[in-house]
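Undergrad: First the structure, then my questions, so here it is.
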Amino acid sequence: MLSNLRETIQHASKNNCIVPGFNIFGYEDAISVVRAAEEMDAPVLLMTNKFAINFMPVEYWGKILGEIAKDARVPVSIHLDHGKDYETIARAIKSGYSSVMYDGSQLPIEENIKNTKEIVKLAHALDVSVEAEIGSVAYSDVSLEEYKPSFTKPEEAEKFYKETEVDWLAVAVGTVHKMQIQNADIKFDLIGKIKDKANVPLVVHGSTGISDEDLKKLKNCGIGKINIGTALRMEFGNTIRKEMEKNPQEFDRMYFTEKAMVKVKEKAKEKFRLLGF
Ligand code: G3H
Ligand code: ZN
């Protein structure tokens, strides 16, 4: 069923489990993630980012993912990940998304707060959940000239949360987007300090890079949602590559994508288990 997951994530952050959001790039990974969630009896977010909505319009995503969510036996949110502007977010909401992220993390805090408040006003009027980011989670593939990462400051998190009333707050606590190896240096002490100041479920981005041990530890830290993208993308792409090498005569795309879907579902289930489901 389609859900904004507001209460579910609130509850998860207090009860030692974390709801995963997975980046989705097509029908194949969307349905694999939903099947994994059903088998684990767990809620999940299907998240489209700027690459996905540049590839296919957000309106199409809303229809396709919305139908998949409605048919699911578990609560599923259709989530816009790293939304950069009001217009894109408004289009997503109009297209049936049940939660959105506004990412003003590269802006001065006052501007980030102002823009986030406008998004919250629009989204909450339509019962859509809102995530925003304070501090800036780094990218492994973006240069420092283009993007300035910074750890979240607990006092800023408190101010940001109180002024914007977002449902979930993305924080920069040591992860880096698009890591292919699980060796991120998570600052657990910083998470504790942020939680002392901001009584809101936290979101950790770039979670492919977190070790299994640290993922388990994070369950007790007031994190409500965790974002995973690269882990499933690697599973999908690497399986297709291997199968193509094994079967150079095969040309039917469904032959390859079916193999990849099995692997994506397995990887998603592995993450659900680590996150307490
Ligand atoms: O917003 C998306 C995530 O932060 C995904 O990060 O691809 O490093 O797992 P990841
Ligand atoms: Zn992210």
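Undergrad: Run lengths n ≥ 4 of DSSP H only: what is the helix-derived mean residue ellipticity at 222 nm for the chain, with -39500 (n - 2.57) per run over all residues, to the nearest 500?
TA: -15500 deg cm²/dmol
Undergrad: Follow-up question, since we're still on this one. Once you compute Rg and the Kirkwood Rh from C-alpha atoms, what is the Rg to Rh ratio for region 86-147?
TA: Reported Rg/Rh (Cα atoms, Kirkwood Rh): 1.03.
Undergrad: Looking at the P(r) of region 120-204, how many percent of alpha-carbon pairs lie beyond 20 Å?
TA: Pairs farther apart than 20 Å: 39 percent.
Undergrad: Can you give me the Cα centroid spacing of region 27-62 and region 137-189 in angstrom?
TA: Taking the Cα centre of region 137-189 as reference, the centre of region 27-62 is 23 Å away.
Undergrad: Sticking with this structure for a sec: So for the chain, averaging the separation of alpha carbon pairs under 8 Å that are six or more residues apart and normalising by length, what relative contact order in percent results?
TA: Relative contact order here is 22 percent.
Undergrad: Moving on to the next point. Out of the GluC sites (Glu not before Pro) in region 146-250, which ones are loop residues according to DSSP with at most 11 other C-beta atoms within 10 Å?
TA: Passing sites in region 146-250 are Glu146, Glu250.
Undergrad: While we're on this one: Below 14 angstrom from the Cβ of Lys265, what's the summed charge of the other residues (Lys, Arg +1; Asp, Glu -1)?
TA: -1
Undergrad: Leaving out ligands and nucleic acids, note down the accessible area per residue over the chain with a 1.4 angstrom probe, in whole Å².
TA: For the chain, the per-residue accessible area is 46 Å².
Undergrad: Further question: Relative contact order of region 186-226: what whole-number percent is it, with Cα pairs under 8 angstrom and at least 6 residues apart?
TA: Across region 186-226, relative contact order equals 56 percent.
Undergrad: On to the next question. Based on the Kirkwood radius over alpha-carbon pairs, what value in µm²/s does the Stokes-Einstein equation return for the translational diffusion coefficient of region 120-277 at 37 °C and 0.692 mPa s?
TA: Once the numbers are plugged in, D ends up at 189 µm²/s.
Undergrad: Give the relative contact order (percent, whole number) for region 79-232; include only Cα pairs under 8 Å separated by 6+ residues.
TA: 18 percent
Undergrad: Continuing with this model, one more query. Checking the a/c ratio against 1.5 first, then a/b against b/c, what shape does the Cα gyration tensor give for region 1-132?
TA: oblate
Undergrad: Still on this structure: Can you tally the net charge around Ile194? Count Lys and Arg as +1, Asp and Glu as -1, for every other residue whose Cβ sits under 14 Å from the Cβ of Ile194.
TA: In short, +1.
Undergrad: Karplus couplings for region 141-154 from phi (6.51 cos²θ - 1.76 cosθ + 1.60, θ = phi - 60°), rounded to Hz, Gly and Pro as x?
TA: Karplus values, whole Hz, x for Gly and Pro: 10, 10, 6, 5, 6, 7, 8, 9, x, 7, 5, 6, 9, x.
Undergrad: If you don't mind, there's one more thing I want to ask. Carbon and sulfur atoms: what percent of the 1.4 Å accessible area of the chain do they account for?
TA: The nonpolar share, carbon plus sulfur, comes to 52 percent.
Undergrad: I've got another one for you. Which percent of the Cα-Cα distances in the chain go past 34 Å?
TA: For the chain, the share of Cα pairs beyond 34 Å comes to 13 percent.
The values are calculated or read from the model by the stated rules, or taken from the named source; none is laboratory data. Note that the structure is predicted; figures quoted are calculated from it, not measured. Note that each Cβ is placed from the backbone with ideal geometry, even for glycine, and that neighbours are counted across all protein chains shown. Heavy atoms of the whole protein, side chains included, go into the accessibility calculation; ligands, DNA and RNA do not. Shrake-Rupley method; radii C 1.70, N 1.55, O 1.52, S 1.80 Å.
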